[in-house]
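One structure is given below, encoded as structure tokens.
What follows is calculated from the coordinates using simple rules that are stated; it is not laboratory data. Keep in mind the model is a prediction, meaning the values are calculated, not measured. Here the Cβ is made from the backbone with ideal geometry for all residues, glycine too, and neighbour counts use every protein chain on show.
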Amino acid sequence: MKKTTELIQVPTNRSQKPQIIFVSLSMAHEVVLHQFELENRTYFESMVPSRGDAFYNKNEFRHRLMSLLKEEEEGKGIFYLLFDDADNLVGRFNLLIDGKSAEIGYRIGEAFSGRGYAKQALGLAIEEVRAANRINELTAKTTSAHRASQQILLKNGFTEVKGDSEPFMWKGQKQWFVYYQMKLS
């Protein structure tokens, strides 16, 4: 799949339509991405299990970023950052490739949530994957409590295929992972 930088329209409310830019991840984004993750840690951890304290350590973060870029070089993933028209980092978007299948993952910062960024970014990624004609199936997973993410997947044409049979306790609630799929061929 060809990596691109594109402008897409993402509505923030009914009267505004700012632009969002899909940018290929690089080492040049290390500082801004680390800051984004630090600023949104509590927000992200309110919806999904923590990545752990080590993830936020500068050296560990750099190592993980380099690992992602190596995965990309090896054809195992494609990683994007989403910026708005004011050059604010809105979120990140990942495709983890395994043969003819790719698992999609995304994170939108708290200040930008609920404005359609994830839905629009997912739609653009699906278009790119289809155009590349390399992937036959997209998959995704989310926690059972993360209803917004479930709705984004469903609105973009994914189908719920299963939920884990073994729940886990998280934040005092019984949770499980829910899996989604989209056939492209």
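What the table below lists for this structure:
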quantity	calculated
Leading residue by the ranking (farthest from the chain's Cα centre (by Cα)) among those in region 147-161 that are surrounded by 18 or more Cβ atoms within 10 Å (Cβ to Cβ) and of a type outside the set (S, T, N, Q)	158
Residue 159 vs. criteria free of Cβ contacts under 8 Å to residues at least 24 places away in the same chain and either acidic (Asp, Glu) or more than 18 Å from residue 43 (Cβ to Cβ) (or both)	yes
Strands (runs of 3 or more DSSP E) (entirely within region 72-152) containing at least 3 residues that are within 19 Å of residue 36 (Cβ to Cβ)	77-84, 89-98, 101-108
Hey, residue 109 of a type in the set (Gly, Ala, Ser), touching an Asp or Glu at 6+ places or on another chain (Cβ under 8 Å) and within 21 Å of residue 50 (Cα to Cα) or not	yes
